[in-house]
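Okay, structure first, notes after.
The values are calculated or read from the model by the stated rules, or taken from the named source; none is laboratory data. All of these numbers come straight from a predicted model, not from anything done at the bench. Positions of Cβ are backbone-derived with ideal geometry, glycine not excepted, and every protein chain shown enters the neighbour counts. Only protein heavy atoms, including side chains, enter the accessible area calculation; ligands, DNA and RNA are left aside. Shrake-Rupley method; radii C 1.70, N 1.55, O 1.52, S 1.80 Å.
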Amino acid sequence: MSETFDVVIAGAGPVGLMLACELRLAGVEVLVVERLTEIDRTIKAGAINVPTAQAFDRRGLLPELLSHQQAAVERMKALTGATASAANRPPIAGHFAGIMLSFDLIDAEDPAFAGVGPAGRAVLVSQQGIEEILGARAAELGVVVRRGVHLTDLTDHGDAVTVRCTDDNSSSDEVRASWLVGCDGGRSTVRKLAGFDFPGIGPEITGRQAVVEMSETEGLQLGWHDTEHGIYVYGPTPGRFLTVELDGPPVDRDAPITAAELEASLRRVAGVPVRVSAVHSATRFTDNTRQVPDYRKGRVLLAGDAAHVHSPFGGQGLNLGIGDAVCLGWKLAAVVAGRMDERLLDTYTAERYPIGAWVLEWTRAQVALMRLDRRSKALRAVISELLSTGDGATTVFKRISGVLHRYHLGGDHELVGTIVPDRELSDGTRVAEHFATGQGVLFDFADSAELRDAAAPWQNRIRIVTAKPLDASDATDAGEAAGVLVRPDGYVAWAATDGVDGMTTALTRWFGR
C-alpha cells in the first residue's frame, strides 16, 4: 500500500527545503525526496540578496544567517590578510560581468534601501550554509526528508499525483500526494516527466569553478580579471578560482573534472603557469538560459532551477529559487487546507515569471560583456566607467540586491506589491518579527477600531498588530500608511492612508471568505 502525503517535493536543496518549511509551518504533511545522501559540498553560490535575508528574518532565522556570514568573513581574512570592518561588511557589493561594485560608491540613503532592516547585514552566506540552516529548521518542524531516493516516474490523476521512487538499494516505493513540486534542479526529472515546455537560448561559454590545492600562483591576482582569453577569478577564499572561456560549451559536461583540466583552463585564461595538485570541489557551468512558460501543469508545480536556468553570474539563482518557494509555500498550503480555490496558484506564475525572466536577461547581458571581440571590449570599457560612478553603482546594486522586486497586485497605494518595510514599532518589536508563525499580518498603525472591526472575521487566518512606527519619518516615507495588510511572504496586499476601502476585498482575495 502506498503512503499518502499532502505534498511531495523532489529535491532537498535550498529551494525544496525552504518550500517544505513553509508548508509544514502551515500544518501541511510534506515528504521531501532527494537523490543525494548528504548536502552537496560542490562550490556554488556564496552570497544572498535582500529578499532572501528578509524571508529568513521573518521566520526568525536571521541569527543563523549572521553566524554563517561571520565564518565566511574569517575565511576571507585568512586569504587577504584584511581586517573586517565593524559591521564585517565586504569591500565589494557585487559585480556585473566581473566589473566590481564598490560599497563606497553606493548611495545608502537611496529610498529603495529604506525599511530593509537588519536583514540587510546578512550577505555572505553560502548555498551550503543555507541548506544547513534550512535542514535544521525542517527537522525541527517535523518535515519528512528521505535521502538517497530517486524519483523515477509520476502520474497526474487530476485530483492527486502518484510518485514512484527508487532508493540506492534499488527498492521501489510509491507515494500518493495531492500535489508534487519539482525543486530538483536545472535537469529536473519532474519537469521532463510532467512534459513542461522549456524554451530559451543555448550556451556559448564554458565556465569552471573549483576549490583546489595549487602552487606557482604568484602571478595570480585576487578578484575578477578579464584577459585576452577570457575571465578568471581568484579568491576570496583559499584555493578558490573560476574561469570563463568563450569558445563554446563543454563537449561533455558530465565528464569528471580533473586537476589537469582545471590547471589547463586557468593557465590559458590567466597566463600563469599554476600547478593544481588536488581538487576538493569543482563544477562546470554554461550560460544556457531557459524558463518554463507556466510554473504549474495540473497537479505538478516547479520552483527554482527546475523552472528556470541561467549562468551563475551575479549570484541570482539561489535567491530566485528561494523567492519561488516563499511565494508558493503559503498559497499551496491554503489550497491544501481548503481555504482557497486552486486559482490562487495561478498567481504563482504571474508573480514569479517576470522576475525569473529579468534574471535570465540580466545574465545574458553579462555574457555579452565578457565576449572577446573588439566591439564587446569597447562596450565593457564604457560600462566599467559607468559603474565607477555613484549613480551607476547604486543603480546596478539596487537591481542585484533585490530591493526593487515587486509584484503587480493592483491597488493605488505605492506600498502594494512591495516587501513590507521593516520598522521598529512602539511595542518594542520590529515588523519582521510578527511573521514567525507563517500567517499574514494586518498592521494597524493608527489604532483604528474601524480597521480592526472590518478585519475581525479573518482573525483566525491573519494576525492583527496595533502599534506605531517609532520613527515618524519612516512611517511617512510610504505615503503615511495607517493600515497595511501583508501576506505571509512579506508582500503588501493592501495599504491605505486612512479608512478601510478595499481592505475586505484584499482579505478575501488572499485569505479566502
> Taking square-rooted eigenvalues a ≥ b ≥ c of the alpha carbon gyration tensor, is the stretch 343-401 rounded, prolate or oblate, where a/c under 1.5 means rounded and, failing that, a/b exceeding b/c means prolate?
Replying inline: oblate
>> Can you give the Rg/Rh ratio of the stretch 211-263, where Rg is from the C-alpha atoms and Rh is the Kirkwood radius?
In response: 0.97
>> Loop only by DSSP, 14 or fewer other Cβ within 10 Å of the Cβ. Give me the chymotrypsin sites (Phe, Trp or Tyr not before Pro) in the stretch 408-464 that pass, ordered by residue number.
In response: none
>> Can you report the principal axis dimensions of the stretch 267-355 using only the alpha carbons, biggest first, rounded to whole angstrom?
In response: 63, 24, 20
>> Looking at the calculated P(r) for the stretch 130-234, what percent of the C-alpha pair distances fall above 22 Å?
In response: 60
>> Going 7 Å from the Cα of THR508 along its beta-carbon direction, which residues of the stretch 314-339 have the amide nitrogen within less than 18 Å of the resulting point?
In response: 339
>> Ignoring ligands, DNA and RNA, please state the percent of accessible area on the chain from carbon and sulfur, probe 1.4 Å.
In response: 49
>> At 1.4 Å probe radius, can you tell me the per residue accessible area of the stretch 340-459 in Å²?
In response: 48
> In nanometres, what is the gap between the two model label sites at ALA449 and GLU109, each 7 Å from Cα along Cα-to-Cβ?
Replying inline: 4.3
> Over all distinct alpha-carbon pairs, what is the Kirkwood Rh of the chain in angstrom?
Replying inline: 24.1
> For labels at THR37 and ASP412 in the simple 7 Å Cα→Cβ model, what's the distance in nm?
Replying inline: 6.3
> ALA260: net charge of surrounding residues, Cβ under 13 Å, Lys/Arg +1, Asp/Glu -1, itself excluded?
Replying inline: +2
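Which order do the peptides 102-108, 13-19, 241-247, 360-366 take when ranked by the mean count of other beta-carbon atoms within 10 Å per residue, highest first? Before the final figure, lay out each step's value.
Details: 102-108: 14.3, 13-19: 29.6, 241-247: 20.6, 360-366: 17.6.
So the peptides 102-108, 13-19, 241-247, 360-366, ranked by packing, come out 13-19, 241-247, 360-366, 102-108.
How long are the three semi-axes of the equivalent ellipsoid for the stretch 1-62, computed from the Cα gyration tensor as the root of 5 times each eigenvalue, in whole Å, largest first? Before the final figure, lay out the partial values.
Values: eigenvalues 116, 66, 10 Å².
That gives 24, 18, 7 Å for the three semi-axes.
For the stretch 296-432, what is one quarter of the convex hull surface built on the Cα atoms, given in nm²? It would help to have the intermediate numbers written out before the result.
Values: hull surface 48.7 nm².
Answer in nm², one decimal: 12.2.
I need the peptides 221-231, 27-37 ranked by packing, meaning the mean over residues of other C-beta atoms within 10 angstrom, with the highest value on top.
Numbers: 221-231: 15.8, 27-37: 19.9.
So the order, starting with the most tightly packed, is 27-37, 221-231.
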>> Starting from the 7 Å offset along Cα-to-Cβ, what nm value, one decimal, do you get for the label separation of ASP168 and ASP247?
In response: 3.8
